[in-house]
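In what follows, a single structure is set out as C-alpha cells and then discussed.
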2 protein chains.
Amino acid sequence: MFSFYMPTKILAGENVVHENPEHLILGRKAFIVTGKRSGYASGALQDVCDTLLENRVDFVIYDRIENNPDVDSVYAAGRQAFSCGADFIIAIGGGSPLDAAKAAAVYATNDISPMDIYKDNFAHKPLPIAAIPTTAGTGSEVTPYSILTLHSAGTKRSFTCEDCFPKTAFLDGRYTLELPLQTARNTAVDAMCHCIEGYLTNRASHSSDYVALEGLRIIGRCIPRLISGKFNTDMCLDMLWASTLGGITISQTSTTIVHSMGYQLTYCRNIPHGMANGLLLGAFLDWCWETAAHRIEACLHALGMNSIEELKSALHSLLPFSESVSSDEIEDWLKVSMTAKNVNTPPRKVTIDDERSIYQKSLL
Amino acid sequence: MFSFYMPTKILAGENVVHENPEHLILGRKAFIVTGKRSGYASGALQDVCDTLLENRVDFVIYDRIENNPDVDSVYAAGRQAFSCGADFIIAIGGGSPLDAAKAAAVYATNDISPMDIYKDNFAHKPLPIAAIPTTAGTGSEVTPYSILTLHSAGTKRSFTCEDCFPKTAFLDGRYTLELPLQTARNTAVDAMCHCIEGYLTNRASHSSDYVALEGLRIIGRCIPRLISGKFNTDMCLDMLWASTLGGITISQTSTTIVHSMGYQLTYCRNIPHGMANGLLLGAFLDWCWETAAHRIEACLHALGMNSIEELKSALHSLLPFSESVSSDEIEDWLKVSMTAKNVNTPPRKVTIDDERSIYQKSLL
C-alpha cells in the first residue's frame, strides 16, 4: 500500500506574496513568526507587512525565534499568539522559524504543557499557517513536521501533525538571493538529503520516488552555481522548488538516520543542520550500497553524477569542515541517535556499530 | 508565476477501502453515488457497503448516474442527498459518477437552480467526497473539475470548484481488473491525453511537467498490455496511479482543444470520452509541432516512442473507429467547440481553420 498527501497550496514566482493577498491573509489578525535576521534580510517581512497594511489586516511581529529553537521558546511564542488574539500565523524564515511556527500554532489553540507537543494529537486545530521560506533547504513549508530542540533529551526531536501542513506556501527567489553563501550551500545540501533519504527509505513508493528524483535533477543542475556562488533569482527559485520537492518527498517517507544522527552534530557541536546531514551522507550511502545500489545509482544519475565518490567530492567543495571530533563524543551521540524513530527507515537494518562506523568515517 | 494545489489524500493498494475506514467515513450518513454498472461490477460498492456496515454508518445508494450525466440528472441526485440528510458522499465509478458526485455535493448544500452550478462560487461548502475510481483514466478523483452534459448548449461543459477536490481517493487495482477491454483502452487513452495536453498547455510549469512525464512513463510501459488485453492487478494499479498523475497534472494546467473538440464527438455521436480524445490526439500533435516540437518529443520519449507516427499507430491499435463523419457535421461541431474555454490553452493560437483541419484529418 502507498499513499500521498500534501494539502499545501504552493505559489511560486517573483513578488508572489504581494500579488496573492487572498492566500496570505488567512484570518483577521496575523501573528508573524520569524528570526532575528531572516525575515528582515530577505525582504520577505517587508513584503508581508506591506501586504497586510494595504489590506488593513492587524498583525503582531514575533522575531525572537533562535536557530534550532527549543520547546520552551516556541511555547512562549504560541502563548503570545494566543494572548494577542491572532487567528492565523505567517511564518517567515528557514527551518527554525517555520518549524517554530507550527508548534506555536498548536500552543496558541491548545492549553497544554510544552512537552505535550510530542503527543501528536490535539483537542483543537492549530492556527492556520502561511509559510514563506527564506532558505532553500528545509522543505518545512510543505511538511507536517516540526523539529525542535529538546534539552531534556539532549537532542532535536520532531512532532508530526497533519493540521500543521501550512495552508499556503510562497516561493520567491528574491528572498534567498542574498543569503550568506555558506547558508545557501548548507541548506541546499539539506534539500538534497531530503530527496536522497526519501528515495532510500523503506517507505519510498510510486508517490514519492518521482518527486525525489525531480528534486535531485534540479539540485544537480544548481550545484555548479552553489560551488561558484554565482546566484540569480531564476536559480534561487529553482532551488526553492527543489527544496519544496524534498519536503513533499519526506512528507510521504520521513527521513533516515542521516537526519537523526545529524541532530547530535547540531545539538552538541552547533554544526548547521544541512551541513551536519551532508557530512554524514557519503558514508551513509556507502553503507547502504550493499542493499540499495540500484536506487543509489538512480539518485546519482538524477544529480548528473556517476559515483558516490563524485557526490562526496561535490559535498567536500560545498561543506568546509575541519573540526576535530573524538571517539568518546561519538559514543555519547550514539546513545541518543540509536533511540530515534529513524533507525527503522533505512533500506537495511541499523545497528549501533553501523552508526558508529558512519560517524567515524565521516568525522574522524 | 506558477502554483501547485492538490489537497486530496490518496490511498493506493489492494483492499485499501476496507483497511482505511477512517478515510472513507467522512461523516455520519453517506450518500453513495455510482452508475448502474460500475459500482457493482468492480466490487467497490460491496467493499464500501461492508466497511460502512461494520462501522455502523448509515448510507443511501444512488446508482442512477448515466454515462455523461446531464445537469438536471445530477441536480436530482444532489437534492436527494440533501433530503435524505447525508453529510458526506462516496463516489464510485468512472468519470461520470465521480463528476456527478461533485455536482451533487454542491446541490446538496446549496439551494440553487441547476444552471447555477456554472457560477463556480457557492454560498455553502459542498459535502465532502471520498472518491473511488473504477476506471483508470478520468483522474477526477484528484481534480476540482466536473464535466456535465449541457443540453441547452449542445455539448459537455465543466465547472470548477476547489472545495470539490475529493477529500480522499482510493486506488485499488482489483476494481479495474475486469473492465471491458475497450473501456480500459478508452480510459487509458484519456489518462494519456491528460498528461500530454497538460504538458503542452501554456499553463504547464515546473509543478506539472514532471508529474505529466511520470504519468506518461507509466502509461508507456502499460501500452503492450493494453493492446494484448493481458491485465493483472499490479498493471491495473499502475494505470490507476498514472491516471491520478494525469488528474494532478490537469488540476494545475487544465486540458486543451483535444478535450473541448472531443466533447462534440461524445455529445453528438456518443463516442466514449477517452476514445474521442484519442481520435483527435495525433492530428493535434501534428498541428502543435510547429511551436512545441521539443515538448512533444519529451512526451514521446516518456512514452518510450520515437515519433508521432508511432503514437498514432498505438492509438490505432487501441481505438477501433470506422464511423463515417460528414463535413457538415464538423461545421456544426465547430460552432460549439470554438466557444470553449480551452481554445486559449494550446501552445499556439487556435483558429476555426485549425480545429476544422484537426477534425478532418482525424475523422474523414
Between rounded, prolate and oblate, where does segment B:181-363 land on the alpha carbon gyration tensor, with a ≥ b ≥ c its root eigenvalues, rounded for a/c under 1.5, else prolate if a/b exceeds b/c? oblate
Neighbouring Cβ atoms within 10 Å as the yardstick, rank B:His301, B:His23, B:His273 fewest first. B:His301, B:His23, B:His273
Restricting the count to DSSP beta bridges whose residues both fall in the protein assembly as shown, what percent are antiparallel, rounded to a multiple of 5? 30
What ³J(HN,Hα) values, in whole Hz, does the Karplus curve 6.51 cos²θ - 1.76 cosθ + 1.60 give for segment B:227-232 when θ = phi - 60°, with x put for Gly and Pro? 6, 6, x, 8, 9, 9
With everything on Cα atoms, drop me the angle between helix B:273-303 and the longest principal axis of chain B, reported from 0 to 90° to the nearest 10. 60
Calculate how steeply helix A:95-109 sits against the longest principal axis of the alpha-carbon atoms of chain A, using the helix alpha-carbon long axis, and give the answer as 0 to 90 degrees to the nearest 10. 50
Comparing B:Gly43, B:Gly137, B:Gly93, which has the greatest mean-square fluctuation in the GNM of chain B with Cα pairs linked when under 10 Å apart? B:Gly43
Distances in nm, one decimal, shortest first, from A:Ile227 to the same residue in every other copy, taking the label point 7 angstrom along Cα→Cβ. 4.4
With respect to the axis carrying B onto A, what is the closest chain B residue by Cβ position, and how many angstrom separate it from the axis? B:Pro7, 2
Between copies, how close do the B:Arg28 label points come, placed 7 Å along Cα→Cβ, listed in nm from shortest? 2.9
If you filter segment A:207-281 for chymotrypsin sites (Phe, Trp or Tyr not before Pro), then keep DSSP loop positions with at most 14 other Cβ within 10 Å, what is left? none
Mind sorting B:Thr51, A:Thr134, A:Thr149 by how few other Cβ atoms lie within 10 Å of their own Cβ, fewest first? B:Thr51, A:Thr149, A:Thr134
For segment A:4-103, run through the trypsin sites (Lys or Arg not before Pro) and keep only the ones in DSSP coil with at most 12 other Cβ atoms within 10 Å of their Cβ. A:Arg28, A:Arg56
Counting only C-alpha contacts under 8 Å and six or more residues apart, can you give the relative contact order of segment B:287-364 as a whole percent? 38
Considering lysine pairs in segment A:9-175 that are 8 or more places apart or on different chains, how many have Cα atoms under 19 Å apart? 13
antiparallel share of DSSP beta bridges within chain A, to nearest 5, in %, is 20
Sorted by chain and then number, the residues having a modelled amide H within less than 5 Å of the amide H of A:Lys29, at least 5 places away or on another chain, are A:Asp87, A:Phe88
Please report how far the C-alpha centroid of segment B:45-78 lies from that of segment A:59-115, rounded to the nearest whole angstrom. 44
Relative contact order for chain B, counting Cα pairs under 8 Å that sit 6 or more residues apart, in percent: 17
Final fewest-first order of B:Thr351, B:Thr183, B:Thr249, A:Thr138 on the 10 Å Cβ neighbour count is B:Thr351, B:Thr183, A:Thr138, B:Thr249
Scoring segment A:129-182 by relative contact order with C-alpha pairs under 8 Å, at least six apart, yields a percentage of 46
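Just so you know, all these numbers are worked out from the coordinates, no wet-lab data involved. None of these values were measured; they are calculated from a predicted model. So basically every Cβ, Gly included, is an ideal-geometry build from the backbone, and we count neighbours across all protein chains shown.
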